[in-house]
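To start, the structure itself, in structure tokens.
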RNA sequence: GGGCGCUUAGCUCAGUGGUAGAGCGACUGUUUUACACACAGUAGGUCCAAGGUUCGAUCCCUUGAGCGCCCACCA
């Protein structure tokens, strides 16, 4: 450990130092609060200090915001650790549902596949693979900047304990009546194919047209004429004198007839709309009359809630296209296409009064920027009223404090008027909702248990599938793709403890069954003649086009399987139903407690599902077709539902990512178990984060903590500055305006990068990034290095710690020591107030100008005087030691490296040395 | 439409009710036994504008302008 200044080069080179120092810290174990130094020269505190890192998405890589936030947290944590607190800074990552799913889907796309080609389970294992490979990259990047995180406690929002906790929370809220399932109008992203919450919306300005459409004597303005097809009322303000006499009346208006095929000239059709009164209508805007489309406008849906007597009509589907309810004229068109088409039709029918240019904000998806469509949909919701109040109270009472204070307003304003939170998402990657339903009647079963499981599998692909040729009784074998699909299905079914496979005798099914059996390590196969495909009579072996071309039969846009049509000489759906029903119940009786795979065919399985769901033939249209080798899973409940059926199916939805991240500070520390960590470290002290997730995340953590763990999860919320480009633009990877902190670390060192970030983080306003401060940081590290070299060369045999703090002898001594004392005091104050920029400016001024420029120069004179030499040595080493300690939280690498070279009686790393008072 | 923040040296930003500061840059010296990634100096500002409060305003108040951000169901 003893070393001479001559060993130190005249320049500080961070590259030689940083990785080595970080390794030393890791090896010391001191990031872990359970492994504090034993031979401490000062008293350790029993009090804890804990911070949980805002978990970065596993899809992310370190950006400037992370770098700043990591530095802020590291400063706090390192200081508290040096003060002797039992200090924990806990790392981890977020599964980031939609974001991650999108990334993996993009990855799949390169192979020409969609997630539907894999099926849910194999897609999910693919995401896990992805996360194994890339999910921890960002955590390694946190190491590069010097974060003193306790890696032994790394958590992930999808690890198994976390999943259990999330389930428990769902069940808790459900039983309390705060989570409910309901059909409401929600924001829908057609590209991500999922619902979104109110906070997951962004707005984009769009130039569009405002159409004034005639509704009889009224004129109604809209930017979305296609929603006219879903109008179910007109609304006026109750005290609007112009329209008073119409309120409550149904008026007849001329509209376009959506039943006329698209190719034909548009025709008029008389429809009837009720006029209702609602205070949300602004009589001063436009004509004071509003069309009400409850299914496709959030505001209109609220009007509907106040006027439940009006109907709801859904004309836009989840694919972002017009539904058949919109009428054949528009069905299948994208909303934008339908908008143009209907505007054209209305104009040619003389129903458009005028069109104005108009600029407004369109809502877009925060993950993929697609235009959102409000649609009417069954979702899970969390009642927000009580939870919001609790979160409001936490700030009102001072239990949670924002720094700077003004962010309180953002938080409170949102909480004061939250709508119920839509927590279900229709994606696959995430925490699945722990609920099942009776297959027949839909009754909700919480955390359903099963005594047996049925996996219905459609056969893999054949060559006839590709060309969509009916292959009812035709015995076509699997093709290469089909065999791979079957193998995939088999691997999905591994670990499902399959006892038995029952298969149709036809080649395509039997081969599928055999491949699955092989994948499962040899499971018994029973062949059941009754599981064969429906016989299509004269249509056997034809594609629809061929059948129509030969005049055998004519369909209008309907598939054979989807319609109730029976081809001549074909099997009727009633006959099919009878055989399927008999077969199902026969096997159910025989194999009640087993896990069974049934391999069959499209039409047969469809009829089977229709029987299980108790749908009649026309209703069966709602059943989606099964892909090749797709698996449908139904469980057998130990007890039958009131309706008599004992088949249950799982809810397919997953929870909003923020539902689980809301539990982060609790669950990472062990909740709901009363673990030692939970008792020691919950609640945490500080949360440092970016301002854009104040409501999305901070608010939800606060009410979750209060409601579930009975304590607010943290006391102080630091909202750090947002780093912008020099021109004040947002840093964005896609625009190429981003700065990579790893690049800065590479060029200038981690300490310099931290210095540059903190130096600019003044007053918590946005910072316009400027690299020169990182360069200043590099120079400062060098200054520190050289001052230390000088001092090491002057102090003779002295070693740390000194028996006493040295007393000043000369005026220069006095000035320096009083400046040091003042610096300690003010630095302390700044850090405690989270004024990190001010703190580093202060220290810089002291060290560079007062210590180096003045005292070091003065010391050269003092060494010439033998009476002063020893005291000067003491003051130099004392001031240097204190300086290194004070700076260590800000610039940990260089300070630690210098500390290593100081002559000392003990051998502790600087990171656990005592904070100077 | 509502709210918030910002406007100070060439650039990035501190700051104070009493003659205005840092870092970087520019310029002039200095290779003086830690550091030229340094040292000693110098120049450079109607503190966005107008009005008000005050003995005195860059700071407090009002209004306005510019920039940025957030929220919002004005169809």
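Within segment A:569-589, the set of residues being farther than 22 Å from residue A:621 by Cβ and either under 47 Å from the mean Cα position of the chain (by Cα) or at pLDDT below 80 (or both) comprises A:582, A:583, A:585, A:586, A:587, A:588, A:589. Residue check: is residue A:259 within 16 Å of RNA strand B (Cβ to nearest atom), in contact (Cβ under 8 Å) with a residue 40 or more places away in the chain and not in a strand (DSSP E or B)? So residue A:259 does not fit the description; no. Within segment A:203-230, the set of residues being under 27 Å from the mean Cα position of the chain (by Cα) and either more than 7 Å from RNA strand B (Cβ to nearest atom) or under 12 Å from residue A:343 (Cα atoms) (or both) comprises A:204, A:205, A:206. Residues in segment A:272-281 that are in contact (Cβ under 8 Å) with a residue 40 or more places away in the chain and either within 17 Å of residue A:311 (Cβ to Cβ) or more than 6 Å from RNA strand B (Cβ to nearest atom) (or both): A:273, A:274, A:275, A:276, A:277, A:278, A:279.
Residues are listed down the side, and each one gets a yes or a no for (1) touching a helix residue (DSSP H, G or I) at 6+ places or on another chain (Cβ under 7 Å); (2) assigned to a helix (DSSP H, G or I):
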position	(1), (2)
A:43	no, no
A:70	yes, yes
A:79	yes, yes
A:99	no, yes
A:103	no, yes
A:117	no, yes
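Please determine whether any residue of segment A:98-110 is more than 30 Å from residue A:65 (Cβ to Cβ), out of contact with any strand residue (DSSP E or B) (no Cβ under 7 Å at 6 or more places or on another chain), modelled with pLDDT of 90 or more and surrounded by fewer than 19 Cβ atoms within 10 Å (Cβ to Cβ). The answer is no; no qualifying residue exists. How many residues does segment A:764-777 hold that are touching a residue at least 40 places away in the same chain (Cβ under 8 Å) and more than 18 Å from residue A:845 (Cβ to Cβ)? Of the residues in that region, 7 qualify. Among the residues making up segment A:315-353, those that are modelled with pLDDT of 85 or more, more than 16 Å from residue A:190 (Cα to Cα) and not in a loop (DSSP other than H, G, I, E, B) are A:339, A:340, A:341, A:342, A:343, A:344, A:345, A:346, A:347, A:348, A:352.
Restricting attention to segment A:710-724, the residues that are within 13 Å of RNA strand B (Cβ to nearest atom) and surrounded by 17 or more Cβ atoms within 10 Å (Cβ to Cβ) total 5.
Do the conditions hold for residue A:150, that is, is it modelled with pLDDT under 85 and farther than 28 Å from residue A:369 by Cβ? Here the answer is no, as residue A:150 does not meet what is asked. Note on segment A:820-835: residues that are in a helix (DSSP H, G or I) and either within 12 Å of RNA strand B (Cβ to nearest atom) or touching a strand residue (DSSP E or B) at 6+ places or on another chain (Cβ under 8 Å) (or both) amount to 1.
Only one entry in A:757, A:784, A:802, A:816 is more than 16 Å from RNA strand B (Cβ to nearest atom), touching a residue at least 12 places away in the same chain (Cβ under 8 Å) and either assigned to a helix (DSSP H, G or I) or more than 25 Å from residue A:9 (Cα to Cα) (or both), namely A:802. Considering segment A:726-738 alone, what residues qualify as being loosely packed, with under 15 Cβ neighbours inside 10 Å and more than 9 Å from RNA strand B (Cβ to nearest atom)? Correct list: A:732, A:733, A:734, A:735, A:736. Output the strands (runs of 3 or more DSSP E) that fall wholly within segment A:399-485 and possess 2 or more residues being in contact with a strand residue (DSSP E or B) (Cβ under 7 Å, 6 or more places away or on another chain) and surrounded by 20 or more Cβ atoms within 10 Å (Cβ to Cβ), or say none. Correct list: A:435-438, A:452-458. Within segment A:659-709, the set of residues being surrounded by fewer than 23 Cβ atoms within 10 Å (Cβ to Cβ) and within 16 Å of RNA strand B (Cβ to nearest atom) comprises A:689, A:690, A:691, A:692, A:693, A:694, A:695, A:696, A:697. A count restricted to segment A:837-890 and to residues that are within 13 Å of RNA strand B (Cβ to nearest atom), outside any helix (DSSP H, G or I) and within 20 Å of residue A:14 (Cα to Cα) stands at 0.
When A:284, A:235, A:299 are checked against the criterion of being within 16 Å of RNA strand B (Cβ to nearest atom) and either at pLDDT 90 or above or in a loop (DSSP other than H, G, I, E, B) (or both), A:284 stands alone in meeting it.
The values are calculated or read from the model by the stated rules, or taken from the named source; none is laboratory data. Because the structure is predicted, anything quoted here is derived from the model rather than measured. Note that we place each Cβ from the backbone using ideal geometry, even for glycine, and neighbour counts take in every protein chain shown.
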